Amino acid sequence: MIFPTKRLKKLFHLIHGKGQEQAWTSQALADRLEVTVRTIRDDLKKLDHILAGHGGSLESKRGRGYSIRVHDAKRYDELLQERQDDRQKGAPVPGSPDERIRYELFKLLGEPGHIKMEDLADQLYISRATMNNDLKIIRQILENYQLQLQIKPGHGVKVVGDEQRFRYCLAEYADARDEELGPEGMTAAQERLLCPIEPAHIREIVIRHVGKQNVRIADVALKDLITHLAVMVLRIKQGHELERFEKVEANLQDQQLAQHIIQDLESLYSIHCPVGERDYLLLHIVSKKMTATDWNGLRSDPLYVAVQQMLGHIYDRYTYDLRDDDRLPNDLYAHLKPMITRLEHGMNMRNPLLGHIRKYYPLAYEITISAVKQLQTYVPHEINDSEIGYLALHIGAALERKYQIPHRKRKSVLLVCGSGYGTARILESRLRSLFAELEVSRVVSLREYEEMESVPEDLVISTIRLRESKGKPSAVIAAIPSERDMATITHLVRTSDEQEEMTLLRYFDPALFMFRSDQPDKMTLMAEMSGALLEKGIVTEQFWPAVQERERMASTALGRGMAIPHPMELSSTRTTVSVCLLEKPIPWDEENEVHAVFMLSICKEDYEQAMGIYDLFVELIRQEEQLESLRSCGSFDAFAQLVCETLSLKSTEVY
């Protein structure tokens with residue numbers, strides 16, 4: 001075996017992968033493999049040692065991260081061939097608990113009769129106690145798909161339920177969960193689970209006919225379609241055909257695509273697909289394809305109207321004005337149209353980016369959760385986390401387009417110019433080209449400036465010396481700015497950033513800080529934190545029910561041991577963040593344990609300034625050492641010092 005651990009295999013695959021645009025810095029690798037940066041660095045040393053014996057070495061470049069330099073092509077090719085041979089041999093026994101659960105789930109779903117769990121435990125070399133614990137997890141998984149585990153004494157267990165639900169469950173858990181991808185984009189585990197069906201052959205069929213019919217399907221949706229087709233063929237070969245399935249409204253192009261794919265699958269696998277299977281495939285095509293739309297005729301479409309209401313809500317609730325974005329309404333509409341079909345039929349298109357979105361774009365995700373409520377009158381179905389994540393990508397992209405940075409708005413600038421508007425326009429253009437984070441809102445003369453009682457803009461930049469700054473950071477530069485002037489503006493922006501960041505401390509209250517050595521359950525802890533806010537008069541009686549409602553909509557866990565429970569509405573008398581640090585982590589949802597809880601109660605009046613709090617959370621996630629230090633902050637003073645350090649460091653590591 002070339003690589004002694006599975007993580008080293010994944011690490012090699014990521015760095016070796018050709019044509020990847022990802023810059024694999026140590027931080028990016030740590031995020032992808034869900035370990036610390038320190039662990040990744042240790043693994044990189046081990047990988048470099050392995051490569052040295054096979055004609056290669058690791059090298060790192062600023063801005064590009066890690067890559068592999070090949071010194072001896074022949075020896076390196078031998079390494080690749082050995083790795084491919086290892087993949088083809090496969091692993092007879094699942095390694096990690098997650099892989100074992102998936103294996104057991106597939107075994108139960110594919111077995112026509114009852115199966116004795118003690119026999120399965122012996123096959124997997126695990127104890128009866130471990131098998132019983134696995135069974136509890138499997139029962140919960142099955143309940144999510146309206147499937148039941150039927151127990152028959154003396155015979156074992158059997159899964160019962162609707163065939164459509166069987167397939168949805170199989171497709172979800174057959175999907176790729178690791179990075180050890182094969183040449184056709186499928187994992188070794190996925191290939192074993194779907195054996196004897198080969199997803200690579202199905203992929204060839206789908207891509208050929210999608211191209212011929214000129215149907216557009218996004219890469220993630222295409223992969224999802226291939227997985228569902230593989231499961232469909234597997235179930236048919238096991239004797240579970242769908243004789244009838246509800247009719248789906250589809251155009252001639254989609255019907256022809258479904259028919260051609262069915263014909264090729266029947267020929268390849270020597271199966272017969274009843275009309276129900278054709279309708280089942282048609283549903284997946286309609287729910288995954290990118291629809292061609294006449295955008296000019298959409299103004300009166302109820303769904304398009306609902307999209308506009310979403311954007312209006314974002315402006316009213318968060319003051320981010322995306323209503324004039326030409327691209328966003330169309331992008332949201334294009335996603336929502338097939339999404340509604342998926343929701344109507346209880347389908348789930350897994351979002352592989354969901355965890356990343358929650359961690360690094362919490363504001364865009366939060367805005368989306370709130371905006372989605374505006375769709376409830378048009379979409380009478382619960383919109384799941386995966387779909388919310390996809391919508392958050394569109395809204396996050398729009399925030400990037402208009403406000404340049406994902407977590408906060410651009411700084412507004414009042415430009416004071418004493419040499420005429422022609423010069424002012426040149427200076428304005430120069431500022432916009434060099435400082436994406438600045439937006440010149442107005443250009444005024446010195447006289448107009450002196451007559452102002454106050455300045456609403458964030459910064460003042462002037463070409464003439466000012467008698468007073470009117471309480472805002474200011475700088476004086478030449479009408480045709482030099483390099484030195486540009487450095488002056490850079491310093492002004494950084495100073496303003498630092499001032500804003502340090503003012504975040506005013507939102508934290510020593511009386512609302514806790515360090516606990518016990519392990520309260522999630523709801524009890526949130527109720528206690530909410531009660532403390534109520535006792536101090538910061539929130540009303542409606543706060544706690546609103547926090548619970550928000551938590552029901554989607555977990556507020558950010559990952560990396562942090563959670564930010566909060567209500568949907570801005571109803572606090574003043575912005576405050578209640579903090580509870582836990583010596584021992586507590587379960588927060590099915591995937592996350594939490595050791596740091598930040599309960600947000602935000603006041604409408606200072607909402608925009610308070611959004612810098614999200615920067616703090618993102619920086620804590622990025623800065624591994626700071627996040628580790630958070631665990632040992634036993635006092636408010638230690639916590640406050642950590643906040644200042646985290647914001648001043650502003651993660652700059654490239655590799």
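The values are calculated or read from the model by the stated rules, or taken from the named source; none is laboratory data. Keep in mind the model is a prediction, meaning the values are calculated, not measured. Positions of Cβ are backbone-derived with ideal geometry, glycine not excepted, and every protein chain shown enters the neighbour counts. In case anyone asks, the SASA skips ligands and DNA or RNA and just uses the protein heavy atoms, side chains included. Shrake-Rupley method; radii C 1.70, N 1.55, O 1.52, S 1.80 Å.
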Note down the net charge around V157, summing +1 for each Lys or Arg and -1 for each Asp or Glu among other residues with Cβ under 10 Å from its Cβ.
-> +3
Would you mind pulling out the separation of the Cα centroids of the range 551-593 and the range 334-408, in Å?
-> 19 Å
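Please compare each pair in K136/K158; K402/K604; K116/K158; K289/K359; K411/K604; K9/K74 to a cut-off of 18 Å on the Cα-Cα distance and tell me which ones are over it. Walk me through the intermediate numbers first.
Details: K136/K158 14 Å; K402/K604 22 Å; K116/K158 9 Å; K289/K359 28 Å; K411/K604 20 Å; K9/K74 20 Å.
Cα-Cα > 18 Å for K402/K604; K289/K359; K411/K604; K9/K74; rest within.
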Run the accessible area of the chain with a 1.4 Å probe and give the carbon-and-sulfur part as a rounded percent.
-> 48 percent
Helix axis angle, 421-434 relative to the chain longest principal axis, alpha carbon, degrees | 40 degrees
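Mind checking the alpha-carbon convex hull of the chain and giving the volume per residue in Å³? Mind showing how you got there, number by number?
Values: hull volume 135.3 nm³, N = 655.
It is 207 Å³ per residue.
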DSSP bridge orientation in the chain - percent antiparallel, rounded to nearest 5 | 55 percent
Electrostatic dipole magnitude of the chain [Cβ: Lys, Arg +1; Asp, Glu -1; Cα centre; debye, to 20] | 1060 debye
Relative to the chain, whose Cα atoms define the longest principal axis, helix 328-344 and its Cα axis are tilted in degrees, nearest 10, by 30 degrees
Return the whole-Å distance between the Cα centroid of the range 142-156 and the Cα centroid of the range 200-224.
-> 35 Å
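Over the chain, give the accessible area per residue in Å² for a 1.4 Å probe, as an integer. Walk me through the numbers before you get to the answer.
On the way: 31110 Å² over 655 residues.
Result: 47 Å² of accessible area for each residue.
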Mind ordering 47-59, 193-205, 352-364 by average Cβ neighbours within 10 Å, highest first?
-> 352-364, 193-205, 47-59
